[in-house]
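J.: The structure's right below; bear with me while I get my questions together.
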Amino acid sequence: MSTLAEQPCYTLINIPSDAEPPTEMGLKSDLEKGDTKTKIEALKKTIQMILNGEKMPSLLMTIIRFVMPVRDHTIKKMLLIFWEIVPKYNPDGKMLHEFILVCDAYRKDLQHPNEFIRGSTLRFLCKLKEAELLEPLMPAIRQCLEHRHSYVRRNAVLAIYTIYRNFDFLIPDAPELIAKFLEGEQDMSCKRNAFMMLIHADQDRALNYLSSCIDQVNSFGDILQLVIVELIYKVCHANPSERARFIRCIYNLLNSSSPAVKYEAAGTLVTLSSAPTAVKAAASCYIELIVKESDNNVKLIVLDRLIALREVPAHEKVLQELVMDILRVLSAPDLEVRKKTLGLALDLVTSRNIEEMVLVLKKEVVKTNNVEHEDTGKYRQILVRTLHQCSIKFPDIAITIIPVLIEFLCDQNELAALDVLVFVREAIQRFESLRPVINSKLLEVFPSVKALKIHRAALWILGEYCTNSEDIQSVMTLIRQSLGEIPIVDDEIKKAAGEVDEDEMQSTGSVQKLVTADGTYATQSAFSTTTVSKKEERPPMRQYLMDGEFFAGAALATTLTKLALRFIECTENVKRQNSFVAEAMLIMASIIHFGKSGLPTKPMTDDDVDRIATCLRVLAERSSLMNEIFNDGCRESLSLMLASKVEEEKELQKVSERKAVKVQADDPIAFNQLINKSELGATENMFELTLSQALGMSSKKDADPIGASKLNKVTQLTGFSDPVYAEAYVNVNQFDIVLDVLIVNQTSDTLQNLTLELATLGDLKLVEKPSPLMLAPHDFCNIKANVKVASTENGIIFGNIVYDVSGAASDRNCVVLNDIHIDIMDYIVPASCNDGEFRQMWAEFEWENKVAVNTNISDLQIFLQHVIKCTNMKCLTPDKALSGECGFMAANLYAKSIFGEDVLANLSIEKPVHLPPTAPVQGHIRIRAKSQGMALSMGDKINLSQKSGAKMTAVAK
C-alpha cells in the first residue's frame, strides 16, 4: 500500500453547471484588455474549460504576456492553479518553450519581498512533476530556507522534501541540508516539517537529532511531539532492540500538555511494552484524558481503548488496581459514558476493592435523589443493576447494599424500583441469612410505595418469604391498612352518601345559614366539604381497585392464601388459625363483591374472578396438594428460573471470553516477513493500519476470494444498446455512501460536457455535484459521488446522464438511469436487551408494521433462522423456549441501527397439525420502531426476502 506522502495531490474546483461556455476569442480579449476584475473572471473560466478537456494553446502566451506581470494577489493564486493543470508538453512529448518564461517568473516570485507570495509559490512547486521546470529554481528554493518568516521556511522544507522524493538528483544533499536546518531552527511548525522529512528520507539522521535533544522533548510543541511519537513507534516496530533507547521518551510524553500527544503516546507505549508499569502508566493517562476532556465523543473513544486494554489477559490484573480511578469518570454527565464506565469497573472489580466501589456507587445513588434530569432515572436504573451484579459476584457485601436499595421502592421512578425488586427477589432466594433483614426493611417501606407494579411485586416477596407468625401478622396489618375498611362496597357507599363516623369528621365546623327556594332557612355544615376531600384520599390498594386494576386484587389473593396456609403451620391455636383464615377470605370475597358492584371505573375481568375464587376454595378445603403447590412450588419455579439465568450468563461469558494464547513446544515459528497481514494482529503497523481504514482500504481478507460480495453491489444503470453505458458500484461506509460510476462512450463521437446528474429520495443527501467531463470515442471514465445518510430508511438514488455531441447542432442528449436502491441492512446491527427493556420499548414505540408470512419454507426453525439472517436481527428468546415440536413458535427479535435507532420484531408462526409436512409456515411478523421509515423499511425487507428465501431453500433441498 502506498503511504499518504505518495498519494497524488489535486486542487479541486467547483464549476457552476448553469454557466454559458465562453469562447476562446472572448477570453483572449478579456485577458489582454480587461481590468483586474475582468482578468480574474476570464482566468477562472479558462481554468474551468481546461479542466473540461479543452486545450486552448493560444491563450498560453496571452496569459504570460498580459496576466503574469499583474501584481494582484488573487491573480497570483489563480495562476498557481492554472500552471498546475495546463498541458506542459507538445504532441511529440517535448516541453513547451513558453515555460522558460514561466520558470523565470517563478524564480522572481521565490525572491519576492512578500512572504505570502514566496510561501504559496513554494506550495505550488510541491505539485510540479516536471524536473526541467524545477532545476533552474533550486538555488532560489535553497535561499528560502534562510528567510526571516516561518511561513516561507516551512513551505521551503516541504518543497525540498517533495522534490527530493520525486527527483533526488536535483538536490542530492537534501537530508544533510535539512538536518543542518533543523539544528538551528526555533519555529515548531518548521521543525515539525523538517523532522517529518528526515523520518521519510533519512531515518538515521532523524534518530540522531532525536537522541541529541531527547531531554528537551517535553518543551517542544504538540505538532512536533506527535511526529516524534510516530517516529519512535516506527523505529521500535521495525527494530525492537531500539525500544530501551526511546521508551523513556514516550513515558515523558505521557505528561505532555496536549491531549492528542498524551493519547498517541499512551497507545504507542502499550504496543511497545507489555510491562505492568507501562500498562499502568498508559491506563492512568487514558483515565486522566476521559476525566478532563469535555467532548463526549473523545470520552467514548478513550473508554473504548481502556476496554480494549482489559481484553488482553496479561493487562487485566494491572487494570484491577485502577478501578477506583476509573470510577472518577462517573462525574461525566453523559449516560453512555457512565454506562460503559460502570460495565468496565464491574468487569475489573475484585474482592480487595469491592467495598470501596460499593461506597462510591452508594454516593452516586444518593446524588441522584435530588437531581431531576432527563437521564437521571435511567442512570439510577444502571446503578441499581451494577450494585445487583456486585452483590451476586460478592455475596458478602449484599447486606450493606440491600438497605440502600430498598429505599428506592418509594421512588417515583418505576424502572429503578422494579430493578430493585428483581434484585431483592434474587437476594432473598439465594442468601437465607439475609431474609430477616430484607423482610423487616420491606415491611418498613411498604406503606410508602406509590406504584402499582412495585406494590404487586413486594406483596409476592412478602407472601413467599414471611415464615414466622409475627411477620405474617405484620403483613396482614399492612394489607388491611392499604385496603381501608372492609367490606369495601359498604364503605364506599357510605362515603358516597356522606355518612361517616363522627371521629372521622373534624370537630370544628362553621355553620352557614342559607335560604331555600320556598323561602325557608336551611343550614349547611362544613362537615360535608370535608367528606368530599376524604373520598378522594383512598388507601393505595383501594385506589388501584377503584381504577379497575383488579390484577392487583388477584395478586393480593395469592399472597393472602400463602400467608394463611403458612400461619396454620406455625400456629397451634385453632381459634387464631380460623380467625386469620376468615379474615383473609373476607378480604377476597370483599374484592370480588367490589369488582361486581359497578363502583370501579372498569369492571373486574373473568380471569381475576377465577383466580380469587380459586384462592377462596383452597383456603376452604385446605388440601395437602394445594398446600404444597402454594408453599413450595412457587419457590422451586423461582430457583429454577434463577439457575437457568446463571447458566445463560455463564455461556455468554464463555463466548465473549478470549482464549488465552498458549504456545506449545511443537508450534510452528511465525516469521514476520512471511505472515499474512490479516494474521499479523498487534504487530501490524498501527499508523499504516489506521490510515488504510480511514481511506476505506481495509487489509482484511474477504470471505470470498473472488470478490463475489463486491460484484453483488454493482448496479447496471443503462442498457447495453444505449449510446452511453453506465454501471455503479455502491460502497456503503457507515454514514456515507460512495458511488463509483463507470461511464463508457459506445459511440464514434466525442461527447462534450458529459454530466452525471443525481437526485435522492429519502433521508439521503448528495454532498457534491460531479464535474462535467469530455469523453473521446469508445473511451471510458470513472466518476465518484458521495451521498450522506442521516437515518435508517430505504433510500433511492436516481438521475440521468446528459451530454453534447461534438460538432452537432442539436439539443443536449439525455440518458435516463435506473434507480439505485440503498439496502437498509448495511446500517442494521444485531443488539441485545433484557425482557423488561424489550416490553418497555414495545409499549413506547408508536409505529407498527404487521407483515403476513407468505413463504414456501415448511419448517418453523428454518424460517426463523432465515428471518434473522435477512434482517440482521438477534433472537432474544432463549433456545430452550424455541426447542420442541409443538406446531407453534413465538420469538422476539431486536436490532439497532448505527444511528442509534431501535427496531423490535415479534414473530408468531405456526404449522397446524392437520396440514401435510410440506405445507408452508403460516402466521405474521409484527415490527415496531420509533420512526415510520424504519418500521416500513424493515417490513419491505422481510416481504422481499420471504420469497427469495423460499427459492433458495427449495434449491438447497
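J.: Can you tell me what the convex hull of the Cα atoms of region 216-292 projects to on average, as an area in nm²? Don't skip to the end; give the middle numbers.
T.: Details: hull surface 18.3 nm².
For region 216-292, averaging the hull's shadow over all directions gives 4.6 nm².
J.: Right, next: Computed over the Cα atoms of region 349-448, what is the ratio Rg over Rh, Rh following Kirkwood?
T.: Numbers: Rg = 13.0 Å, Rh = 13.7 Å.
Ratio value, two decimals: 0.95.
J.: Distance between the C-alpha centers of region 44-107 and region 570-642? Whole Å please.
T.: 98 Å
J.: Going by Cα centres, region 109-142 and region 191-220 are how many Å apart?
T.: Cα centres, region 109-142 to region 191-220: 25 Å.
J.: Next question. Taking the Cα centre of region 826-949 as the origin, how large is its charge dipole in debye, to the nearest 20, when only Lys and Arg (+1) and Asp and Glu (-1) carry charge on their Cβ atoms?
T.: Values: 12 positive and 13 negative charges, 37 e Å.
With only Lys, Arg, Asp and Glu charged at Cβ, the dipole is about 180 debye.
J.: Relative contact order of region 826-949, please, whole-number percent, based on alpha carbon pairs below 8 angstrom and at least 6 residues apart.
T.: On the way: 230 pairs, mean separation 45.2, N = 124.
Relative contact order of region 826-949: 36 percent.
J.: If you scale each eigenvalue of the Cα gyration tensor by 5 and take the root, what three semi-axes come out for region 178-267, rounded to whole angstrom and sorted largest first? Provide the component values of the computation, followed by the final result.
T.: Details: eigenvalues 67, 54, 24 Å².
Those come to 18, 16, 11 Å.
J.: While we're here: When the expected Rg is taken as 2.2 N^0.38 Å, what fraction or multiple of it is the alpha-carbon Rg of region 713-822?
T.: 1.09
J.: Starting from the Kirkwood Rh over alpha-carbon pairs, what translational D in µm² s⁻¹ does region 110-159 have by Stokes-Einstein at 4 °C and 1.567 mPa s?
T.: Working: Rh = 10.6 Å.
D, rounded to a whole number, is 122 µm²/s.
J.: At q = 0.16, 0.18, 0.19, 0.21 Å⁻¹, what is the log10 ratio I(q)/I(0) for region 134-174, with the Debye formula run over Cα points and no solvent?
T.: Listed by q, the Debye log ratios stand at -0.35, -0.44, -0.49, -0.59.
J.: From the C-alpha gyration tensor of region 61-182, pull out the three semi-axes of the equivalent ellipsoid (sqrt of 5λ each), sorted largest to smallest, in whole Å.
T.: Working: eigenvalues 115, 70, 21 Å².
Each semi-axis is √(5λ); the values are 24, 19, 10 Å.
J.: Within 15 Å, Cβ to Cβ, of T605, how many net charges do the neighbouring residues add up to if Lys/Arg are +1 and Asp/Glu are -1? Please list the in-between numbers first.
T.: Details: positive: K596, K602, R611; negative: D547, E549, D606, D607, D608, D610.
That sum, taken over residues with Cβ under 15 Å, equals -3.
J.: Next question, about the same structure. Work out, in µm²/s and without decimals, the Stokes-Einstein translational diffusion coefficient of region 190-334 at 25 °C, 0.890 mPa s, Rh from Kirkwood over C-alpha pairs. Working shown, then result.
T.: On the way: Rh = 15.9 Å.
Translational D for this selection: 154 µm²/s.
J.: I'd like the per residue volume of the convex hull spanned by the Cα atoms of region 826-949, given in cubic angstrom.
T.: Values: hull volume 12.0 nm³, N = 124.
It comes to 97 Å³ per residue, whole-number rounded.
J.: Applying the Karplus parametrisation 6.51 cos²θ - 1.76 cosθ + 1.60 with θ = phi - 60° to the phi angles of region 290-304, what ³J(HN,Hα) value in whole Hz is obtained for each residue in order, glycine and proline being reported as x?
T.: Listing the rounded values in order: 4, 5, 8, 6, 8, 6, 5, 4, 5, 4, 5, 5, 5, 4, 4 Hz.
J.: Please compare each pair in K28/K88; K784/K930; K874/K911; K94/K784 to a cut-off of 28 Å on the Cα-Cα distance and tell me which ones are over it.
T.: Distance filter (> 28 Å) returns K784/K930; K94/K784.
J.: Please work out the Cα center distance from region 711-779 to region 308-340, rounded to the nearest Å.
T.: 48 Å
J.: Which one of L739, F798, P723 is farthest out on the positive end of the charge dipole of region 713-822, using unit charges on Cβ (Lys, Arg +1; Asp, Glu -1) and the Cα centre as origin?
T.: L739
Read-outs throughout are calculated quantities, based only on the coordinates presented, and are distinct from any laboratory measurement. From a predicted model like this one, the values you see are computed outputs, not experimental measurements. In this analysis, Cβ positions are derived from the backbone assuming ideal geometry, glycine residues included, and neighbour counts consider all displayed protein chains.
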